[in-house]
Amino acid sequence: MTTAIDTTTRTVVAELLRRIGTGDPEHIAELYAETSDWRLSWPEDEHGRADTPWIRERRTRADTAAHFRELAAHHVPEAVDTRVERILVDGADAVVLGEIRQTAAPTGRAYRARFALHLTVEDGKVVRHHVYEDSLAVARAFTPADDAR
């Protein structure tokens, strides 16, 4: 049975994915609460590396916009593709499953990374953004050739 909360969550998530597709960081960030629980599945000692500065925890709506600006600045815009395979909604929570396909701007290496994005929506705003992705694929794409293993 679908509830009003499920419908609101699904609507906000669909709009968020649409906005991410347009690439306007401030417009994306408008869908987030003033503060949110933002996490990435990377080891903490890898957060904020010079080659992947967007990978770090965030807290504020301004942080959210900065994330999407930094992410875009480090990838080739013409070589970005995200395939959403499924959106699962249970009340205020949603999980988006799919695959990102991008090219690291500094190295020119293309990569694919499977992901799960756990979102929680309250009062029409995203209050939780937890990403679980193939961080090894991303790290390899951004590792300079002379440092590659």
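The values are calculated or read from the model by the stated rules, or taken from the named source; none is laboratory data. Bear in mind the structure is a predicted one, so any value in this text is a computation, not a measurement. Cβ atoms come from the backbone with ideal geometry, glycine included; neighbour counts cover every protein chain shown. Just so you know, the surface numbers come from the protein's heavy atoms only, side chains and all, with ligands and any DNA or RNA stripped out. Shrake-Rupley method; radii C 1.70, N 1.55, O 1.52, S 1.80 Å.
Please verify whether Ile20 is outside any loop (DSSP other than H, G, I, E, B), among the hydrophobic types (A, V, I, L, M, F, W, C) and within 18 Å of His118 (Cβ to Cβ), treating the condition exactly as stated. Answer is yes for this residue.
Quick one: would you say Thr52 is modelled with pLDDT under 95 and of a type in the set (Val, Ile, Thr)? Yes: the conditions hold for Thr52. Of the residues screened, Thr82 is one that is touching a Gly at 6+ places or on another chain (Cβ under 9 Å), touching a residue at least 12 places away in the same chain (Cβ under 8 Å) and of a type outside the set (Asp, Glu). Tyr32 meets all of the listed conditions (1) more than 17 Å from Glu122 (Cβ to Cβ); (2) of a type in the set (Ser, Thr, Tyr); (3) in contact with a Lys or Arg (Cβ under 6 Å, 6 or more places away or on another chain) but one, namely (1). On the stretch given as the range 7-54, residues that are free of Cβ contacts under 8 Å to residues at least 60 places away in the same chain, of a type in the set (Val, Ile, Thr) and closer than 19 Å to His74 by Cα total 2. Taking the range 4-23 as the range and being at pLDDT 95 or above and open to solvent by 70 Å² or more (accessible area, probe 1.4 Å) as the test, the residues that pass are Arg10, Thr11, Arg18.
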